[in-house]
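Contents: one structure, followed by commentary.
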Amino acid sequence: MTDFAARTAFSLLCLFVLWAGASGQSRHSVKGTDGEGTILSVTAWRTDKKADPLKPENFFLYENGIEQKIKGFSYDPSPARIVLLVDNSLTLQADVEKLKKATMEFAYEIFDGDQLFIVAYDEKPEIIQEWTDDAKKMEKALSTFRKKGNPYLFDALDATVKEVLLPLMPGTRKTAVVVIGDGLDRGSSASFDKVLADLQNYNVTVYALQLPDRTRGAYRRDQPKAAAVITNLTEGTGGAVFALDDAQAAAKAICDELRRNRYLLSYAPVNTSTYDARRIFLSADEGISTRTKNAQPPNIK
């Protein structure tokens with residue numbers, strides 16, 4: 001199977017021509033800002049067993065400690081686009097069959113209209129299966145899973161955002177990446193901070209099916225430890241962490257959450273700077289739980 005860049009070069013050239021024109025007109029929409037103001041993807045659900053719909057007045061949003069006025073809060077019924085990003089490196093503490101099984105669980109749990117895209121990575125990201133909802137097609141494609149080399153996780157995330165998800169935008173808002181691995185990176189040229197900022201900028205939610213850290217918490221110079229990578233990716237984008245050993249329940253929880261508990265929150269930021277990162281804190285009335293990304297990267301570099 002050819003590598004990631006070779007498989008996508010021609011199609012991306014065509015997509016780039018279309019996207020470049022669209023981004024010139026809709027650049028702010030791609031980055032979560034449009035005529036309604038700034039848009040946040042929010043996961044919210046009732047824990048009080050009430051049937052009342054969730055409304056803007058149920059939520060409280062702050063940027064760098066300054067309360068923001070919420071303009072709108074609405075349920076997002078759109079189908080999800082989920083990238084399964086699977087660590088295929090040699091020393092990962094899981095065999096190929098276990099990785100295949102975990103990946104296939106999502107094929108059984110997605111809803112009508114949802115689609116999956118599978119990327120495996122070691123020292124380069126590689127397309128295993130392009131967008132599909134066909135379980136048989138996925139199962140056949142997974143025969144190319146292997147274990148070799150080192151994990152270049154940050155490069156794989158960077159390629160996933162730029163070459164798989166960004167061409168879907170601004171029309172597709174409900175995008176997610178599920179990292180199946182332990183969070184270790186050994187050798188990426190992309191920096192973790194830049195990758196996380198891009199994920200936040202484009203409102204991509206990251207979930208993880210986490211394995212034990214193969215380094216046992218070893219110090220990582222100039223980058224977070226493996227477990228901290230998983231924590232920062234998921235908390236930073238409003239996602240959640242699950243154990244790989246419970247992949248079936250994890251796949252069900254993630255797919256259910258994206259379909260049933262996903263909302264769009266809009267607001268017009270006040271007393272904030274476009275030059276600085278803005279810490280986001282979202283809370284809700286008692287009896288309602290919620291998650292969203294924890295920062296808004298600078299709009300101007």
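The values are calculated or read from the model by the stated rules, or taken from the named source; none is laboratory data. These numbers come from a predicted model, not from an experiment. Neighbour counts run over all protein chains shown; Cβ positions are idealised from the backbone, glycine included.
Considering region 225-264 alone, what residues qualify as being outside any helix (DSSP H, G or I) and touching a Gly at 6+ places or on another chain (Cβ under 8 Å)?
Those that are outside any helix (DSSP H, G or I) and touching a Gly at 6+ places or on another chain (Cβ under 8 Å): LYS225, LEU264.
Quick test for you: out of PHE16, PHE10, PHE60, pick the one residue that is modelled with pLDDT of 95 or more and surrounded by fewer than 18 Cβ atoms within 10 Å (Cβ to Cβ).
PHE60
Just the residues that are aliphatic (A, V, I, L, M), under 11 Å from the mean Cα position of the chain (by Cα) and either surrounded by fewer than 20 Cβ atoms within 10 Å (Cβ to Cβ) or farther than 23 Å from ALA247 by Cα (or both), please, taken from region 196-217.
LEU196, LEU199
Out of all the residues in region 145-190, which are at pLDDT 95 or above, assigned to a loop (DSSP other than H, G, I, E, B) and of a type in the set (Ser, Thr, Tyr)?
TYR152, SER188, SER189
Out of the residues in region 158-172 that are touching a Leu at 6+ places or on another chain (Cβ under 7 Å) and of a type outside the set (Asp, Glu), state the one that is surrounded by the most Cβ atoms within 10 Å (Cβ to Cβ).
Applying the filter and picking the extreme gives THR160.
Counting just the residues of region 80-111 that are part of a helix (DSSP H, G or I) and under 16 Å from the mean Cα position of the chain (by Cα), which one comes out farthest from SER188 (Cα to Cα)?
Selected residue: PHE106.
Would you check if LEU142 is assigned to a helix (DSSP H, G or I) and buried (at least 20 other Cβ atoms within 10 Å of the Cβ)?
Yes.
Restrict the check to region 257-273 and report whether at least one residue is acidic (Asp, Glu) and surrounded by fewer than 17 Cβ atoms within 10 Å (Cβ to Cβ).
no
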